[in-house]
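Notes follow once the structure below has been shown.
What follows is calculated from the coordinates using simple rules that are stated; it is not laboratory data. Keep in mind that what you see is a predicted model, and the values were worked out from it rather than measured. Every residue, glycine as well, gets a Cβ built from its backbone with ideal geometry; the counts of neighbours run over all protein chains shown.
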Amino acid sequence: MKTARNPARLGAALFGAMLVAGGCGDDEGATAPVPTSILGTWVVTSIIVEGNDLAQLGMGLSFHFSNDGEYSFLVTEDRLGICDVGPFCEDFGDFSVTDSQIVFDPAEDPKPFTYTVAGNVMTLTGVMNGIPVVLTLERG
């Protein structure tokens, strides 16, 4: 993360995309296009933690992924300890992506999440603040 906020949280949250450079020779340092399926704004509709849906308890989370190599996110009514002070916060950072994994803040404090996209629904599965979590997002 690029701020002094809790480094253990998901540089979550939310919400551009910098891809892992691959290959060799002339391709070294090149980035592949960000999959269009993940670009844009996503609103979390479900936050499953230890069998509980924190979204149903009032927590809100949205991400924005853009093709300039950054993501940003906004948290409302934090119930996971993502925000250092108060129940609302926002943050940003870089991420890398493969066919099945998004890694938030790959150069600083990597936070890998498995992802799938089906139409306008994305599912992210990973760990936030040491707790396994499954996020369901809809294109916003």
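Points to keep in mind about this one:
- Spin-label model, residue 114/residue 138: points 7 Å from Cα along the beta carbon direction are separated by 2.5 nm.
- Centroid-to-centroid separation of the range 66-90 and the range 93-140 [C-alpha atoms, Å]: 14
- Computed on the range 54-122, with alpha-carbon pairs under 8 angstrom and 6+ residues apart, the relative contact order is 19 percent.
- In this simple spin-label approximation, residue 46 and residue 125 carry label points 7 Å from Cα along the Cα→Cβ vector, and these lie 1.2 nm apart.
- Inter-label distance for residue 88 and residue 101, nm, one decimal - labels placed 7 Å from Cα along Cα-to-Cβ: 3.6
- According to the Kirkwood relation over distinct C-alpha pairs, the hydrodynamic radius of the range 44-93 is 11.5 Å.
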